[in-house]
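Asks: Once you've had a glance at the structure underneath, I'll fire off some questions.
The values are calculated or read from the model by the stated rules, or taken from the named source; none is laboratory data. Since the model is a prediction, treat every value here as computed from it, not as a measurement. Note: ideal-geometry Cβ built from the backbone for every residue, glycine included; neighbour counts use all protein chains shown. Just the protein is used for accessible areas: all its heavy atoms, side chains included, with ligands, DNA and RNA removed. Shrake-Rupley method; radii C 1.70, N 1.55, O 1.52, S 1.80 Å.
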Amino acid sequence: MKLAAYHHRRGDDVVFAKGTSGRGLFSEPWDRVYVTTLFSFEWKRTAETIDFAIQAAGNQPERVFVGGIAASLMHEEFIAEPRWAGVRFIRGLLDGPPAKALQLRAEEFEFGAEDLEDEPIEEMVPDYSILEQIDYEYPVRDAYFGYASRGCVRKCSFCGVPKLEGAQREMPPLATLIRGVDDQDGPKKDLVLMDNNITASARYKEVIAEIRDLGFERGAKLRREGKRPVQRRVDFNQGVDARILAKSPMYLREMATICISPLRIAFDHIGLRRVYTTAVTMAADNGITSLSNYMLYNFMDSPEDLYQRMRLNIELNHELGVRIWSFPMRYQPVTLKDRSHVGKRWNRYYLRSFQIMLQATRGVVSGNPSFFERAYGRDQAEFLELLELPHAFIFHREGYEQSGAREEYESLRAKLPEAERTELFSFLAEARGDGEQRARCRRAINERSFGAKALQLLHFHALDTKDAPDTGRDRVLPLFPSVNPDPVMPSEDEFVEDAGLFSHEEALAATRSRAKTAEAAS
């Protein structure tokens, strides 16, 4: 959006395409094509998009500019790819003069090479108009997007921010962004700030005061001509640091003066339990009752560690009268080209089981006690038992319970000697996906690679999650339709857009389906 703003200032025509969906772009050669890379585990799709961009640029790679997260963290690997010779890979932020940040060459008469003293692209007001050019509808739409600060004071080993953005530093006043968007596109309802650690800002109190002055004080509503007033909200959507929040009542006292919703707090491991509990309690004391947190898992934690963190939120909800929704985020090394990483205390089978559980609610762990216990178990032992269930049983929870298949499975599992059970689940954990697992199970059954009891269990693990049990039901999601679902789930714009639960194609299909439904309704 900032790149579009830069080119529109120059009088250029700009077209926005998401992925390789814009095949019509081949109808004419483009002077310049930009590609924004996201996470390293999307390497295959990123590579396809760069190849697509080179084609769209008339097979002139020098007209292609690639930047973003993966291009910064894996810079050398992109440069080393022979077929991308000539492509300009940009590391980090576009926070210098445009010509320098984009590596433009005056000796080759590249347009824009004279922009050596202009405002950095990083600081430009985003151009919202390009979002209307694609079918995909972003969950967060009616909002100002910006930063009050960049970088972070922490250097967490699992995080790429220090390499991407460097040390913590302040950004220009938010008023510049707000007024610029208002002039170009009209007022927005919400303010979404993507700071990595706002509480570490040297200007924290000044930033909060500025947010209030810009019309986002507690209880603020946006009034548009001819329309009903709507509740505004502020969202520091990268989360805030519990370790800093717990140091002084000032942080949450200030935060409570703006229309924060939800307050997102990182809860990366159980060792943060004390400071996290203190931060949530202080939030409740200041009247902040809508909370969310990011829970890193598959790093140095264990399934038991994750369960304890999820369970703590259920207890805090009850004790403090708040609503906390958890968004577990699966750790992947920031330079790994796929999602294959398995933490030392996890295994592939458990990771896939947990992913299926999360798909039921688009990645959110409900704060409703009955729903939580049904979905994740009443204690750690039951959680582990659920993780070991055949994936078809998790996907079609009620159907396989009503058919009696789960009861039969658990009876067989209880009779299996511990050594054989360990061997069986080590075998299941070796598969890289459900398709490979089913094939391996069928092969083991045919070859009689295990004892009789284990072979009976493998028949259940060979079931396809796409095939519902014969119970007269064809619904797959949500997984637990008749079990008291959370009556107050987060709104669409409070969800995490991509928690790694669904493929890119599934996400696009869901968006197109919503669009068709809306069109039919209108």
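Residues checked against (1) touching a residue at least 24 places away in the same chain (Cβ under 8 Å); (2) under 22 Å from residue 130 (Cβ atoms):
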residue: 19; (1), (2): yes, yes
residue: 27; (1), (2): no, yes
residue: 52; (1), (2): yes, yes
residue: 74; (1), (2): yes, no
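Asks: Keeping to the stretch 115-125, report how many residues are under 11 Å from residue 180 (Cα atoms) and either among the β-branched types (Val, Ile, Thr) or surrounded by fewer than 20 Cβ atoms within 10 Å (Cβ to Cβ) (or both). Walk me through it before giving the result.
Replies: First, the residues of the stretch 115-125 that are under 11 Å from residue 180 (Cα atoms): 124-125.
Then keep just the ones that are either among the β-branched types (Val, Ile, Thr) or surrounded by fewer than 20 Cβ atoms within 10 Å (Cβ to Cβ) (or both); that gives 125.
Looking only at that region, the number is 1.
Asks: If you go through the stretch 405-420, how many residues are within 18 Å of residue 451 (Cβ to Cβ) and over 35 Å from the mean Cα position of the chain (by Cα)?
Replies: 11
Asks: Within the stretch 202-229, restricting attention to residues that are open to solvent by less than 10 Å² (accessible area, probe 1.4 Å) and either in contact with a Ser or Thr (Cβ under 8 Å, 6 or more places away or on another chain) or of a type in the set (Gly, Ala, Ser) (or both), which residue is nearest to residue 162 (Cα to Cα)?
Replies: 207
Asks: What number of residues within the stretch 421-473 satisfy the criterion of being over 35 Å from the mean Cα position of the chain (by Cα), more than 25 Å from residue 401 (Cβ to Cβ) and basic (Lys, Arg)?
Replies: Of the residues in that region, 2 qualify.
Asks: Can you name the helices (runs of 4 or more DSSP H) wholly within the stretch 168-263 that have at least 2 residues being under 18 Å from residue 279 (Cα atoms)? Lay out the reasoning, then the answer.
Replies: Numbers: elements: 174-185, 204-211, 242-245, 249-255.
Passing ranges, in order: 204-211, 242-245, 249-255.
Asks: Right, next: Any idea which of (1) assigned to a loop (DSSP other than H, G, I, E, B); (2) open to solvent by 30 Å² or more (accessible area, probe 1.4 Å); (3) modelled with pLDDT of 95 or more is the one residue 83 doesn't satisfy?
Replies: (1)
Asks: Among the residues of the stretch 35-55, are any in contact with a Leu (Cβ under 7 Å, 6 or more places away or on another chain), closer than 24 Å to residue 8 by Cβ and surrounded by 14 or more Cβ atoms within 10 Å (Cβ to Cβ)?
Replies: No, there is no match, as no residue in the stretch 35-55 is in contact with a Leu (Cβ under 7 Å, 6 or more places away or on another chain), closer than 24 Å to residue 8 by Cβ and surrounded by 14 or more Cβ atoms within 10 Å (Cβ to Cβ).
Asks: Kindly list the number of the only condition in (1) closer than 17 Å to residue 8 by Cβ; (2) over 24 Å from the mean Cα position of the chain (by Cα); (3) open to solvent by 70 Å² or more (accessible area, probe 1.4 Å); (4) not small (Gly, Ala, Ser) that fails for residue 177.
Replies: It is condition (3) that residue 177 fails.
Asks: State the number of residues belonging to the stretch 86-104 that are open to solvent by 70 Å² or more (accessible area, probe 1.4 Å) and over 30 Å from the mean Cα position of the chain (by Cα).
Replies: Within the stretch 86-104, residues that are open to solvent by 70 Å² or more (accessible area, probe 1.4 Å) and over 30 Å from the mean Cα position of the chain (by Cα) number 2.
Asks: Residue 256 is checked against (1) modelled with pLDDT of 95 or more; (2) open to solvent by 30 Å² or more (accessible area, probe 1.4 Å) and fails just one. What number does that condition carry?
Replies: Status for residue 256: all satisfied but (2).
Asks: Among the numbered criteria (1) open to solvent by 20 Å² or more (accessible area, probe 1.4 Å); (2) at pLDDT 95 or above, which one does residue 453 miss?
Replies: So the condition that residue 453 fails would be (2).
Asks: Anything in the stretch 140-153 that is assigned to a loop (DSSP other than H, G, I, E, B), modelled with pLDDT of 90 or more and surrounded by fewer than 20 Cβ atoms within 10 Å (Cβ to Cβ)? List them, or say none.
Replies: Answer for the stretch 140-153, where residues must be assigned to a loop (DSSP other than H, G, I, E, B), modelled with pLDDT of 90 or more and surrounded by fewer than 20 Cβ atoms within 10 Å (Cβ to Cβ): just 142.
Asks: What is the residue count in the stretch 317-347 for residues that are in a loop (DSSP other than H, G, I, E, B), hydrophobic (A, V, I, L, M, F, W, C) and open to solvent by less than 40 Å² (accessible area, probe 1.4 Å)? Full working, then the answer.
Replies: Residues of the stretch 317-347 in a loop (DSSP other than H, G, I, E, B): 321-322, 331-347.
Now narrow it down to the ones that are hydrophobic (A, V, I, L, M, F, W, C): 322, 334, 336, 342, 346.
Restricting the remaining residues to those that are open to solvent by less than 40 Å² (accessible area, probe 1.4 Å) gives 322, 346.
Number of matching residues: 2.
Asks: Is one or more of the residues making up the stretch 69-86 of a type outside the set (Asp, Glu) and more than 28 Å from residue 160 (Cβ to Cβ)?
Replies: Among the residues of the stretch 69-86, not one is of a type outside the set (Asp, Glu) and more than 28 Å from residue 160 (Cβ to Cβ), which makes the answer no.
Asks: Pull up the stretch 155-174, narrow it to residues that are charged (D, E, K, R) and surrounded by fewer than 16 Cβ atoms within 10 Å (Cβ to Cβ), then point me to the one that is nearest to residue 9 (Cα to Cα).
Replies: The selected residue is 170.
Asks: Exactly one of these conditions fails for residue 232: (1) surrounded by fewer than 19 Cβ atoms within 10 Å (Cβ to Cβ); (2) touching a residue at least 24 places away in the same chain (Cβ under 8 Å); (3) more than 20 Å from residue 364 (Cα to Cα); (4) among the charged types (D, E, K, R). Give me its number.
Replies: Against the list (1) surrounded by fewer than 19 Cβ atoms within 10 Å (Cβ to Cβ); (2) touching a residue at least 24 places away in the same chain (Cβ under 8 Å); (3) more than 20 Å from residue 364 (Cα to Cα); (4) among the charged types (D, E, K, R), residue 232 comes up short only on (1).
Asks: Moving on to the next point. Give the residue that is surrounded by the most Cβ atoms within 10 Å (Cβ to Cβ), with candidates limited to residues of the stretch 1-34 that are assigned to a helix (DSSP H, G or I) and of a type in the set (Ser, Thr, Tyr).
Replies: Filtering first and then ranking leaves 6.
Asks: Among the listed residues 116, 94, 73, identify the single one that is out of contact with any Pro (no Cβ under 7 Å at 6 or more places or on another chain) and either closer than 23 Å to residue 193 by Cβ or not small (Gly, Ala, Ser) (or both).
Replies: 73
Asks: Something else about it: Would you check which residues across the stretch 2-16 are within 19 Å of residue 138 (Cα to Cα) and modelled with pLDDT under 95 and list them?
Replies: Those that are within 19 Å of residue 138 (Cα to Cα) and modelled with pLDDT under 95: 15, 16.
Asks: Then there's this: When you look at residue 364, is it buried (at least 20 other Cβ atoms within 10 Å of the Cβ) and closer than 26 Å to residue 312 by Cα, yes or no? Step through it out loud before you land on a result.
Replies: Numbers: buried (at least 20 other Cβ atoms within 10 Å of the Cβ): yes; closer than 26 Å to residue 312 by Cα: yes.
Against the criterion (buried (at least 20 other Cβ atoms within 10 Å of the Cβ) and closer than 26 Å to residue 312 by Cα), residue 364 qualifies.
Asks: Filtering the stretch 289-308 down to residues that are more than 19 Å from residue 347 (Cβ to Cβ) and open to solvent by less than 10 Å² (accessible area, probe 1.4 Å), which residue is farthest from the chain's Cα centre (by Cα)?
Replies: The selected residue is 291.
Asks: Condition first: among the aromatic types (Phe, Trp, Tyr), modelled with pLDDT of 95 or more and more than 22 Å from residue 466 (Cα to Cα). Can you find one or more residues in the stretch 358-378 that meet it?
Replies: No - not one qualifying residue is present in the stretch 358-378.
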